[in-house]
Amino acid sequence: MRKALRWLLALTVLIGTLGTAGTAGAATTAPQAPTDIKDRLLAIPGISLVEEKPYTGYRYFVLNFTQPVDHRHPARGTFQQRITVLHKDTSRPTVFYTGGYNVSTTPSRREPTQIVDGNQVSLEYRFFTPSRPAPADWSKLDIWQAASDQHAVYEALKPLYSANWLATGGSKGGMTATYYERFYPRDMDGVVAYVAPNDVVNDEDSAYDRFFERVGTKECRDKLNAVQREALVRRESLEKKYAQYAADNGYTFTTIGSLDKAYEAVVLDYVWGFWQYSGLADCDSIPSGDAIWDSVDTISGFSAYTDQGLEQYTPYYYQAGTQLGAPTIGFPHIERKLIRYGYQPPRDFVPRSIPMRFQKGAMRDVDNWVRHDARHMLWVYGQNDPWGSERFRPGAGARDAYVFTAPGMNHGANVAGLVADERAFATARILKWAGVASPAVQADPSAAKPLARFDGRLDVRDVEREPALRP
């Protein structure tokens, strides 16, 4: 009996020893958490690598992120949305940027990223290829779904980039940053929106007419108006040139309906496009005579309303015709007999196979929220930019929210272009929201300056040029 008990005790000790050894072995061979930033990014569910590009002082990644086609019903399909990450350090603040269109896959740094010396996550707007579901259910292209895209990316990356986040964007990207804040106000620590239009009432556009009556100088306005009018007076001969241009380049006009409609649309964009991208210093270069074609092509782009020119921007025109709104202006310097169509609605620029219905309350809802609930938000406009005629205006209910106008600047207006005291104040607020304002800056905002040095390749200061009449 004692022998049997000794044997059982020995067996129990042996099993315990083996169990302890096994546990110790498992502990020493457990996989270690990745430390390289690429591996840490790729460990996040839904993220896959497209490519990495080198840039001194940073790591730069082009990635895909798996998104629901419909954030209200995530089980009903997904698509791959492109994002890029300009990585500096996980301890630095992160700037979340979108231009509202395609994302660039070339390393670049937006102004707030330079100001806070941080990381930058850039997002391609849904339905801009290749970030388009297949098949495309266009009813899922709206500002709430797009804001939910940003929210999903933020939630995925926030555990890795745990410091403060700022949203930013220019033009349609500035609108996008504002809409994101409206629908997910707890995500970002601040928003810096550049040259963002706010078309609250789509059918009331008199602010644009007033802008074109006053912008620049009378001499410059008269020269521009003369070119635009002359291009319509010489319509027949210039349309022959346009037809040859289209044939040479394989351009067609199925979506807009005819070469004639496309020609007028390009010409009517001319004055708007000049002020959107140029300035008073360029007035001396406004041409006459045979140089009219080249000037209109340079500013408005004769390819803009071809099928091939419209195709890339179908998502924008769809949104303009369903939620965002689009401007309409008068042309008092042109006889009515010379204008056959006027400013054409977005419906004319979207294939008829895609159904569209305008939602009148979408922009009013955002505008109402900005006036009463905006927090930690800053909008920058250019004095000579037509898109700033209808702008966001925080009201009495807003807190720590500001609107600035850069004198003499166009659609490329930025914080650096503000007058000195406003530039310092805006910079100080951005640093504060990002959590990197020094005690000296907090005590005296006039001491605020960007934390990173200007990089001529990385810091994109020029306006993101799109054909006229696209914000």
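The values are calculated or read from the model by the stated rules, or taken from the named source; none is laboratory data. None of the values given here were measured: they were computed from a predicted structure. Using ideal geometry, Cβ is built from the backbone for each residue, glycine included, and neighbour counts are taken over all protein chains shown. Each accessible area value is taken on the protein alone, full model and side chains, heavy atoms only, with ligands, DNA and RNA left out. Shrake-Rupley method; radii C 1.70, N 1.55, O 1.52, S 1.80 Å.
Anything in segment 47-85 that is outside any loop (DSSP other than H, G, I, E, B) and of a type in the set (Asp, Glu)? List them, or say none.
GLU51, GLU52
Scan segment 384-397 residue by residue and report those that are more than 20 Å from the chain's Cα centre (by Cα) and surrounded by 17 or more Cβ atoms within 10 Å (Cβ to Cβ).
As a first pass, look at segment 384-397 and keep what is more than 20 Å from the chain's Cα centre (by Cα): 384, 394-397.
Residues satisfying the conditions are ASN384, PRO394.
From the list ALA167, ALA231, ALA193, exactly one residue is in a helix (DSSP H, G or I), at pLDDT 95 or above and of a type outside the set (Asp, Glu). Which is it? Show your work before the answer.
On the way: ALA167 fails: in a helix (DSSP H, G or I); ALA193 fails: in a helix (DSSP H, G or I).
Every option except ALA231 fails the conditions.
Suppose the filter is polar (S, T, N, Q), modelled with pLDDT of 95 or more, over 25 Å from the mean Cα position of the chain (by Cα) and in a loop (DSSP other than H, G, I, E, B); does SER353 pass it?
So SER353 fits the description; yes.
In the list PRO287, PRO315, PRO332, which residue meets the criterion of being assigned to a loop (DSSP other than H, G, I, E, B) and either modelled with pLDDT under 95 or within 22 Å of ARG126 (Cβ to Cβ) (or both)? So that I can check it myself, show each step before the final result.
Working: PRO315 fails: assigned to a loop (DSSP other than H, G, I, E, B); PRO332 fails: either modelled with pLDDT under 95 or within 22 Å of ARG126 (Cβ to Cβ) (or both).
Among PRO287, PRO315, PRO332, only PRO287 is assigned to a loop (DSSP other than H, G, I, E, B) and either modelled with pLDDT under 95 or within 22 Å of ARG126 (Cβ to Cβ) (or both).
Test VAL201 against the stated conditions and say whether it is outside any loop (DSSP other than H, G, I, E, B), more than 21 Å from GLY46 (Cα to Cα) and not charged (D, E, K, R). First the steps, then the outcome.
Working: outside any loop (DSSP other than H, G, I, E, B): no; more than 21 Å from GLY46 (Cα to Cα): yes; not charged (D, E, K, R): yes.
No; evaluated as a whole, the condition is false for this residue.
Could you identify the single residue in LEU224, LEU259 that is more than 30 Å from ARG423 (Cα to Cα), hydrophobic (A, V, I, L, M, F, W, C), buried (at least 21 other Cβ atoms within 10 Å of the Cβ) and more than 29 Å from the chain's Cα centre (by Cα)?
Among LEU224, LEU259, only LEU224 is more than 30 Å from ARG423 (Cα to Cα), hydrophobic (A, V, I, L, M, F, W, C), buried (at least 21 other Cβ atoms within 10 Å of the Cβ) and more than 29 Å from the chain's Cα centre (by Cα).
Could you please give the count of residues in segment 52-81 that are more than 23 Å from SER139 (Cβ to Cβ) and touching a residue at least 40 places away in the same chain (Cβ under 8 Å)?
Matching residues across segment 52-81 total 5.
Got at least one residue in segment 109-122 being touching a residue at least 24 places away in the same chain (Cβ under 8 Å), open to solvent by 10 Å² or more (accessible area, probe 1.4 Å) and part of a loop (DSSP other than H, G, I, E, B)?
Among the residues of segment 109-122, at least one is touching a residue at least 24 places away in the same chain (Cβ under 8 Å), open to solvent by 10 Å² or more (accessible area, probe 1.4 Å) and part of a loop (DSSP other than H, G, I, E, B), which makes the answer yes.
Somewhere in segment 363-376, is a residue open to solvent by 50 Å² or more (accessible area, probe 1.4 Å), free of Cβ contacts under 8 Å to residues at least 40 places away in the same chain and not in a helix (DSSP H, G or I)?
no
Filter segment 262-288 down to residues that are open to solvent by 40 Å² or more (accessible area, probe 1.4 Å) and not acidic (Asp, Glu), then give me how many there are. Steps first, answer last, please.
Here is the first cut: in segment 262-288, the ones open to solvent by 40 Å² or more (accessible area, probe 1.4 Å) are 280-282, 284-285, 288.
Filter again for not acidic (Asp, Glu), leaving 280-281, 285, 288.
Result for segment 262-288: 4.
Name the residues in segment 50-79 that are of a type in the set (D, E, K, R), open to solvent by 50 Å² or more (accessible area, probe 1.4 Å) and under 18 Å from VAL153 (Cβ atoms), would you?
ARG59, ARG72
What number of residues within segment 404-428 are farther than 22 Å from TRP272 by Cβ, open to solvent by 50 Å² or more (accessible area, probe 1.4 Å) and not aromatic (Phe, Trp, Tyr)?
Count: 6.
Determine, yes or no, whether ASP455 is out of contact with any strand residue (DSSP E or B) (no Cβ under 6 Å at 6 or more places or on another chain) and open to solvent by less than 20 Å² (accessible area, probe 1.4 Å). Write out each step before concluding.
Details: out of contact with any strand residue (DSSP E or B) (no Cβ under 6 Å at 6 or more places or on another chain): yes; open to solvent by less than 20 Å² (accessible area, probe 1.4 Å): no.
Taking the combined requirement at face value, the residue does not satisfy it.
Report, by residue number, each residue of segment 423-461 that is in a helix (DSSP H, G or I) and within 24 Å of GLY99 (Cβ to Cβ).
Kept after step one, since they are in a helix (DSSP H, G or I), are these residues of segment 423-461: 423-434, 439-443, 445-447.
ARG423, ALA426, THR427, ARG429, ILE430, LEU431, TRP433, ALA434, listed by residue number.
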